[in-house]
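Q: Sharing a structure with you now.
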Amino acid sequence: MSGLKIAVSGKGGVGKTTLTVLLAREARRKGQKVLVVDADPDANVAATMGLEKEPPPLSQLSELIGARTGREGLVKLNPRVEDIPERFSAMKDGIRLVTLGAVRSGGGGCACPESSFLRQLLLHLLLERDELVLVDMEAGVEHLGRGTAQGVNALLLVVDPDLRSLHTAGRIVRLAEDLNLSQVWAVANKVGSAADARRIEGAVPRGLRMLGTVGAWDELRLAGVHGLGAVPPELEREVGALLSALQRELGAARAGQAGSQEQQGEGAR
């Protein structure tokens, strides 16, 4: 899993932030280098991790952004950002967290300094960093443009027994298709019964494959209030199974792509 870039999205309230932190913990427990990016304007990863001191939202570093993107005239679209993750992050239990923050100026798709800065930073994190990067998205893929999407190895959509979460997932799947994201998987969260599992399986949007499930654990329900503390071994095993399943699927996809390219090369000779 080292070096992979995973985006996590889903409807608000489904537990995507908690799952992101759990995946980060599990990967770190297995000895991997992990960086988490909180790309949701309603940032909650720091609280879920139990950080005493949160990293500064990068979108609010006005002086730095102005110096890197230009204060007057045309905005630089590729400002220098390689030093940012180490300078403006927080660490807990070996996991590094960077918080993007919300862009308050300009309109959608604008070339304002904050947007250019965050876009270039996300591009750097997804294309140039060598650790496992987990990106906690808002309910969509708005932070992923065509340039950054090429760095994402998989998109995990968190759903739960509330079928509205599956409707949101269907919308995100269509957006992902527009960005040519082919590895899109659903993770069923808060599954407390066989009836919950059947409800989700019967309503999964077309084109969305199930990766695995996570039970309706009280520790996850309370994580948004008190932070994510110690979790039962059974929950750790569920999360470990998700990581292993994702690794298998991505490994198989890479092998298939390599085989297809080899066949094309033989056909051209």
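The values are calculated or read from the model by the stated rules, or taken from the named source; none is laboratory data. From a predicted model like this one, the values you see are computed outputs, not experimental measurements. Because the Cβ atoms are built from the backbone with ideal geometry, glycine has one as well, and the counts that use them run over all protein chains shown.
Q: Please go through the stretch 156-174 and give me each residue that is at pLDDT below 95 and under 15 Å from the mean Cα position of the chain (by Cα), ordered by number.
A: Those that are at pLDDT below 95 and under 15 Å from the mean Cα position of the chain (by Cα): Ala169, Ile172, Val173.
Q: Quick check, is Gly107 surrounded by fewer than 16 Cβ atoms within 10 Å (Cβ to Cβ), touching a Lys or Arg at 6+ places or on another chain (Cβ under 6 Å) and either at pLDDT below 95 or within 21 Å of Lys16 (Cα to Cα) (or both)?
A: So Gly107 does not fit the description; no.
Q: Out of the residues in the stretch 175-197 that are within 20 Å of Ala241 (Cβ to Cβ) and of a type in the set (D, E, K, R), which is farthest from the chain's Cα centre (by Cα)?
A: Asp196
Q: Sticking with this one: Could you tell me which numbered condition Gly101 fails, if it satisfies all but one of (1) at negative phi; (2) in a loop (DSSP other than H, G, I, E, B)?
A: Gly101 satisfies every listed condition except (1).
Q: Moving on to the next point. Conditions first: (1) surrounded by 12 or more Cβ atoms within 10 Å (Cβ to Cβ); (2) farther than 12 Å from Leu19 by Cα. Gly229 passes all but one, so which condition is the exception?
A: (1)
Q: Check whether at least one residue in the stretch 5-23 is part of a helix (DSSP H, G or I), hydroxyl-bearing (Ser, Thr, Tyr) and more than 20 Å from Val141 (Cα to Cα), and report yes or no.
A: Checked the stretch 5-23: no residue is part of a helix (DSSP H, G or I), hydroxyl-bearing (Ser, Thr, Tyr) and more than 20 Å from Val141 (Cα to Cα).
Q: A further question on this structure: Out of curiosity, is Pro55 in a loop (DSSP other than H, G, I, E, B) and either β-branched (Val, Ile, Thr) or surrounded by 21 or more Cβ atoms within 10 Å (Cβ to Cβ) (or both)?
A: Yes, satisfied.
Q: I would also like to ask the following. In the stretch 182-224, which residues are assigned to a helix (DSSP H, G or I) and touching a residue at least 40 places away in the same chain (Cβ under 8 Å)?
A: Ile200, Leu220, Ala223, Gly224
Q: Also, quick follow-up: Before we move on, is Asp130 among the charged types (D, E, K, R), in contact (Cβ under 8 Å) with a residue 60 or more places away in the chain and either surrounded by 15 or more Cβ atoms within 10 Å (Cβ to Cβ) or over 30 Å from Asp83 (Cβ atoms) (or both)?
A: For Asp130, the condition - among the charged types (D, E, K, R), in contact (Cβ under 8 Å) with a residue 60 or more places away in the chain and either surrounded by 15 or more Cβ atoms within 10 Å (Cβ to Cβ) or over 30 Å from Asp83 (Cβ atoms) (or both) - is not met.
Q: Can you spot a residue in the stretch 60-75 that is over 29 Å from Glu234 (Cβ atoms), surrounded by 19 or more Cβ atoms within 10 Å (Cβ to Cβ) and either at pLDDT 95 or above or acidic (Asp, Glu) (or both)?
A: no
Q: Of the residues Glu138, Glu142, which is over 26 Å from Arg25 (Cβ atoms), within 13 Å of the chain's Cα centre (by Cα) and either polar (S, T, N, Q) or not in a helix (DSSP H, G or I) (or both)?
A: Residue meeting the stated conditions: Glu142.
Q: Hey, another quick one. Kindly indicate whether Arg269 is more than 20 Å from the chain's Cα centre (by Cα) and at pLDDT 95 or above.
A: Criteria not met by Arg269.
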